[in-house]
1. Using 0.36 nm times the number of residues separating residue 43 and residue 349, minus their current alpha carbon distance, what extension gain do you get?
2. Out of 157, 176, 223, any idea which swings most in a Gaussian network model of the chain, alpha carbons joined below 10 Å?
3. Of the candidates 89, 29, 155, which one comes out as most mobile in a Gaussian network treatment of the chain with C-alpha springs shorter than 10 Å?
4. Which of the pairs 5/242; 170/244; 186/209 have their Cα atoms more than 22 Å apart in this structure?
5. So, with +1 on the Cβ of K and R and -1 on the Cβ of D and E, and no other charges, what is the size of the charge dipole of the chain about its Cα centre, to the nearest 20 debye?
6. Restricting to bridges with both residues inside the range 270-377, how much of the DSSP beta-bridge set is antiparallel, in percent to the nearest 5?
7. Stretched out fully, how many nm does the piece from residue 144 to residue 284 gain, at 0.36 nm a residue minus the Cα gap?
8. When DSSP beta bridges are limited to those with both residues in the range 101-254, what percentage is antiparallel, rounded to the nearest 5?
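Each value in this text was obtained by applying a stated rule to the coordinates, not by laboratory testing. Just so it is clear, the structure is predicted and the values come from calculations on it, not from any experiment. Here the Cβ positions follow ideal geometry from the backbone for every residue, glycine too, while neighbour counts run over all protein chains shown.
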Amino acid sequence: MLDLKRQYRPLHQELMDAIGAVLQTQQFILGEPVAAFERAAAAQLGVAHALGCSSGTDALWLALAAAQLGPGAAVVTTPFSFFASVSSILRAGATPVLADIDPVSFNLSPAAVSAALDGPRGAVVRAILPVHLYGQTIEWPSFARIAYERGLIIIEDAAQAWGAEWNGVKAGGLGDIAAFSFYPTKNLSAAGDAGMVTTNSDALAERVKMLRQQGMRRRYYHDELGWNARMDGFQGAVLAVKLKYIGAWNEARRALAARYHALFAQAGLAEAGPYPMNGVVLPRELPGARHVWHQYVIRAPRRDALREFLIARGIGSEIYYPLPLHQQKALKGLGYAAGDFPEAERAAREVLALPIFPELREDEQQTVVSAIAEFLS
Ligand SMILES: Cc1ncc(COP(=O)(O)O)c(C=O)c1O
């Protein structure tokens, strides 16, 4: 599914040098190694502030806490995402309100968000937390309009979307504040856990800096209940090296996605969708979006049997995500039930992520498509 060693081998010496430089400075927490990465990251994304932190989950919590979304505030998000999109809202003390997804993009549906705002839980909604799932931004103009009309804050969950764009604006600079993850499988990845908050607001950035350091503005004077959510110097150094290559890596992913599209079409397997019949429904790049293909996710009939068939042939695949968040045991308290979000539930039954990483070879993609063709024949 993912061979991280192929990325590592050509970078070995450069990474060792960067890690060695951190050892020389003995600045292991934040400090110049992280500050240098933050400056380069902000410049690349075109945002005023980029602040390193301990993980994508903590980045989401920091963004919510910085925007003062706590007890009494509700935040609309998607049931079809990684757990942290919802758990971070709960950890901030706010209430998640869920809305269904669009079946084509798998991202939060603007119409469903509007309906949620008008529903009984919508009364106290102060923010929307959309996820740029699989590396494609949300359909931004609709969200911008809803936020403007209703006076809502937008917190981007950009964990999977480093380098993704809407009409030339990079994820991380679309909403009021955004959270990234550098978990090792992400397009831009650390050598461990790490994350980042981005914003164009000086006031929000100042609050994130305070909150990631135990709520301190002045050493040992705690203004608010912050947390230890700092980035390690080693992670900053590794990420600063990889930041130079992420543009080329994302381009490689785009070429791989185009080749999957062509291979499935040549095999006569590509269907119009949105749901699969006898072939597969391919992922789509929306007009206006620049997808960075963190994942290449098809919809397939008899998905679980197909996955077993691929495993038997040594082909990796993954299901992001097999159980929507409203059906998770840990989130029973939200009061939702099976059937509440039919698109998310259907996606959970049909999606299958195929191998996609910059070093994936053409013959490997052919093997994947041939095996799927064999299964479906
Ligand atoms: C959409 C989404 N949100 C949040 C996270 C949390 O990031 P992390 O694992 O770095 O805490 C992830 C990744 O794992 C993610 O994919």
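1. Net length gain for the segment: 106.2 nm.
2. Per the Cα network of the chain with a 10 Å cutoff, 223 tops the list.
3. 29
4. With Cα atoms farther than 22 Å apart: 186/209.
5. Dipole size: approximately 420 debye.
6. Roughly 75 percent of the DSSP beta bridges within the range 270-377 come out antiparallel.
7. My answer for the length gained is 48.2 nm.
8. Values: 11 of 17 bridges.
If we restrict to bridges inside the range 101-254, about 65 percent are antiparallel.
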